[in-house]
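Asks: Would you mind keeping the following structure in view while I ask a few things?
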Amino acid sequence: MSQVSTAPPEPLSGDDVQAIDRLQLAYRQLVDELGKVIVGQRDTIEQLAICLFARRHALLMGVPGLAKTLLVSKLAETMSLKFSRIQFTPDLMPMDITGTDILQDGEHGRREFQFVHGPVFANIVLADEINRAPPKTQAAMLEAMQEQRVTVLGKSFELPPPFMVLATQNPVEQEGTYPLPEAQLDRFMSLIELDYPNEEEEIQIARTTTGDHIAVLDHLMTAEDIIGHQSLVRRVPVPDHIYTYAARLVRKTRPTGETAPAWLKPLVAWGGGPRAVQNLILGAKARAALYGSYMVRIEDVKAVSAAVLTHRLITTFAAQAERVSAKDIIKRLVEETSDT
């Protein structure tokens, strides 16, 4: 068995240490600020912040009425970012997202084509009910996510940084939808599941949303600040044993692999790929920075494992019959995987 290097990673510079402290303070202020309009959902806010500062995209899953649109729009507001919401429908075309050339009157009476930007040209884009649009339209959005640009009639247009897509899927009504293929789901760093509020939170929601007072949120960051924080997250050191832990955890999700436990093989048809390992590390880096840590810890990887891995596992009919979810499988794998 090959020896794993245990050499410590290069520590952060003094400037980066101070930048981590500033990011931790800004994150605390963000949670408090969003708390003025969003009741509960602390875990959701944390996962959204992790995806944003990791320079990745997320899939939001929750029944209607859980304030997904409000949360995302207010997140953009507090960070001084341009927000755009796209309601996906069966008749939505790619040009409805990207924009298109329109013939306009130009100088000297000549008519010329002018590109009109679509709603994807924003910093934070909410792709609402993405599974209601046909695959061709979904592909246009996924190209923008992957390439950070769109191509219209052979011409490429760069999207404004920072750029983040938050797509929602309705888990209740699936009739007439076009579920995202597994290869496209893999493009999302995290699956963030929103649950019903508890009784106290639901009472507070009724109190705060049925009056005429609308809270005004402070602007805590700028686009330039966020881009700087995203670069900082990439520089957070990762010890070698954490790279090993992340790789071992993902490799155990593959039922045909040698390290997959016997109990998993009849439950999982397909496991996570290399992108899952990358996103585990990136998510752990972002979480470490948000919590003021100058190095990634095992608990950071464990904290993001469910969000990063759940949508990358395809469970079998046997798992569905036994009511074993992908999240249950990930939880057991995390408990069984050694971190040494």
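Asks: Take the range 34-63 and flag every residue that is part of a strand (DSSP E or B) and in contact with a Phe, Trp or Tyr (Cβ under 8 Å, 6 or more places away or on another chain).
Replies: Ala58, Leu59
Asks: Identify, by number, the condition in (1) surrounded by 13 or more Cβ atoms within 10 Å (Cβ to Cβ); (2) assigned to a loop (DSSP other than H, G, I, E, B) that Ala246 doesn't meet.
Replies: (2)
Asks: When residues of the range 140-170 are filtered for being surrounded by fewer than 13 Cβ atoms within 10 Å (Cβ to Cβ) and either in contact with a strand residue (DSSP E or B) (Cβ under 9 Å, 6 or more places away or on another chain) or assigned to a helix (DSSP H, G or I) (or both), how many remain?
Replies: Number of matching residues: 6.
Asks: I'd like the full set of residues that are closer than 21 Å to Arg297 by Cβ and of a type in the set (A, V, I, L, M, F, W, C), limited to the range 238-278.
Replies: Scanning the range 238-278 gives Val238, Ile242, Ala246, Ala247, Leu249, Val250, Ala276, Val277.
Asks: Among the residues of the range 168-189, is any under 25 Å from the mean Cα position of the chain (by Cα), under 30 Å from Pro8 (Cα atoms) and touching a residue at least 60 places away in the same chain (Cβ under 8 Å)?
Replies: Yes: the range 168-189 contains one or more residues that are under 25 Å from the mean Cα position of the chain (by Cα), under 30 Å from Pro8 (Cα atoms) and touching a residue at least 60 places away in the same chain (Cβ under 8 Å).
Asks: Looking at the range 84-100, I want the residues that are without any contact (Cβ under 8 Å) to a residue 40 or more places away in the chain and have a partner that is surrounded by fewer than 18 Cβ atoms within 10 Å (Cβ to Cβ) and not hydrophobic (A, V, I, L, M, F, W, C) with Cβ atoms under 9 Å, at least 6 apart or on another chain. Which pairs are those?
Replies: Close Cβ pairs satisfying both conditions: Asp91/Pro134.
Asks: Would you call Val31 in a loop (DSSP other than H, G, I, E, B), over 25 Å from Ile97 (Cβ atoms) and β-branched (Val, Ile, Thr)?
Replies: It is false that Val31 is in a loop (DSSP other than H, G, I, E, B), over 25 Å from Ile97 (Cβ atoms) and β-branched (Val, Ile, Thr).
Asks: Shifting gears a bit: Only one of Thr340, Thr315, Thr259 is polar (S, T, N, Q), at pLDDT below 95 and buried (at least 17 other Cβ atoms within 10 Å of the Cβ); which?
Replies: Answer to the selection: Thr315.
Asks: Any residue in the range 277-285 that is surrounded by fewer than 20 Cβ atoms within 10 Å (Cβ to Cβ) and at pLDDT 90 or above?
Replies: yes
Asks: Please specify each residue of the range 64-111 satisfying the condition of being of a type in the set (A, V, I, L, M) and either modelled with pLDDT of 85 or more or in contact with a Leu (Cβ under 8 Å, 6 or more places away or on another chain) (or both).
Replies: Across the range 64-111, the qualifying residues are Leu66, Leu71, Val72, Leu75, Ala76, Met79, Leu81, Ile86, Leu92, Met93, Met95, Ile97.
Asks: Search the range 1-21 for residues being modelled with pLDDT of 80 or more and surrounded by 14 or more Cβ atoms within 10 Å (Cβ to Cβ), and hand back the single one that is nearest to Glu193 (Cα to Cα).
Replies: Ile20
Asks: Turning to a different aspect of this structure: Report yes if Glu77 is under 15 Å from His219 (Cα atoms), in contact with a Ser or Thr (Cβ under 6 Å, 6 or more places away or on another chain) and of a type outside the set (Val, Ile, Thr), otherwise no.
Replies: Considered against the rule, which asks whether it is under 15 Å from His219 (Cα atoms), in contact with a Ser or Thr (Cβ under 6 Å, 6 or more places away or on another chain) and of a type outside the set (Val, Ile, Thr), Glu77 comes out as no.
Asks: Which residue pairs have Cβ atoms closer than 8 Å, lie 6 or more positions apart in sequence or on different chains, and pair a first residue in the range 198-223 that is within 18 Å of Glu33 (Cβ to Cβ) with a second residue that is basic (Lys, Arg) and part of a helix (DSSP H, G or I)?
Replies: Leu217/Lys74
Asks: Further, regarding this structure: Do we find a residue being assigned to a loop (DSSP other than H, G, I, E, B), within 18 Å of Phe188 (Cα to Cα) and either without any contact (Cβ under 8 Å) to a residue 24 or more places away in the chain or not aliphatic (A, V, I, L, M) (or both) anywhere in the range 64-81?
Replies: No, the range 64-81 contains no residue that is assigned to a loop (DSSP other than H, G, I, E, B), within 18 Å of Phe188 (Cα to Cα) and either without any contact (Cβ under 8 Å) to a residue 24 or more places away in the chain or not aliphatic (A, V, I, L, M) (or both).
The values are calculated or read from the model by the stated rules, or taken from the named source; none is laboratory data. Since the model is a prediction, treat every value here as computed from it, not as a measurement. Reconstructed Cβ throughout: ideal geometry from the backbone, glycine too, with neighbour counts over all protein chains shown.
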